Amino acid sequence: MTSAESQREALHHIAALRAESTAQRPTETELMARPKVVEVDHLDFSFGSRQVLYDINLDVRAGEIMVIMGGSGSGKTTLLRHLVGLMPPQPGKVKLLNKDMGSLKPNELLDLKRKIGVAFQFGALFSSMTVAENVKLPLRELTDLGEKTMDIMANLKLEVVNLSGFGGLMPAALSGGMVKRASIARAIVMDPKLLFLDEPSSGLDPVVSSALDDLILKLREAMDISVVVVSHDIDSAFKIADRITVLDQGHILAIERVEAIRNSTNERVQNLLNRRSVEAEVDPAEYLRRLTGD
């Protein structure tokens, strides 16, 4: 895509974002008829002797917002790290955009990563760079575009996330919600097909969190992208998700539509939704073994 085409596309995105959203959640039939853009097939993973993911199977459809939920230590961040290629890929386990990440050559894997965007939990903006320089970083590292073109594209993406005029500031001058939006601007600066968001509403007040939810919905509609969100924010998940995957202790408890999750009869799902703590049963022999290291 040329710089002129990128600018026209970004202007189209801005116009679409400013328009009132009329999108409705797709029906189950409509959603399942779409091609898969993410496929996870029997994924297991351990850190040393501690297994954290058990036989994970899921898919994400084109144009879908999939929310992955779970409590602390459920394995959702580890799963996300596999999806974005931050863990060594295993052949046949994870496909993005119909490409098996574990079977790609390094240059092919890099080409695939150019088609995805990632916004990390705390923004991960470089504190020594301005907001605009942070947004331009993928363009600088992965393209041969001229400085002026990169400036224009960064400013356009900042406009998309309602941060026009803030590009010259340092990250320390931004509020928490603005840092999150700047991180999303960087994640979408190369017009990805897939967007991964790690805890986008974490640490935000309810009003700012709701506005960020609206932005995610409008980005999906305006840019025609698929979005995978890792979150523990139940209200946010119910607002934006087409489907929700619930993880618990490395196992998938459910992959369902919002209403099915809300009305689930699974006790562990309801414990998560209603924030009920559950005391883990402790085997005395196992507890002694852990203490002694035997």
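The values are calculated or read from the model by the stated rules, or taken from the named source; none is laboratory data. All values derive from a computational prediction rather than experimental measurement. Here the Cβ positions follow ideal geometry from the backbone for every residue, glycine too, while neighbour counts run over all protein chains shown. Surface accessibility is based on the protein's heavy atoms, side chains included, excluding ligands, DNA and RNA. Shrake-Rupley method; radii C 1.70, N 1.55, O 1.52, S 1.80 Å.
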Answer yes or no: is there a residue in segment 90-98 that is open to solvent by less than 40 Å² (accessible area, probe 1.4 Å), within 28 Å of S201 (Cα to Cα) and either in contact with a helix residue (DSSP H, G or I) (Cβ under 8 Å, 6 or more places away or on another chain) or modelled with pLDDT under 90 (or both).
yes
Can you tell me which residues in segment 126-149 are within 18 Å of F166 (Cβ to Cβ), open to solvent by 50 Å² or more (accessible area, probe 1.4 Å) and not in a loop (DSSP other than H, G, I, E, B)?
E133
Counting only helices (runs of 4 or more DSSP H) wholly inside segment 190-294, the ones holding at least 1 residues that are at pLDDT below 85 and open to solvent by 40 Å² or more (accessible area, probe 1.4 Å) are 206-223, 284-292
Picking from G123, G73, G63, G117, the residue that is crowded, with 18+ Cβ neighbours inside 10 Å, over 13 Å from the mean Cα position of the chain (by Cα) and not in a helix (DSSP H, G or I) would be G63
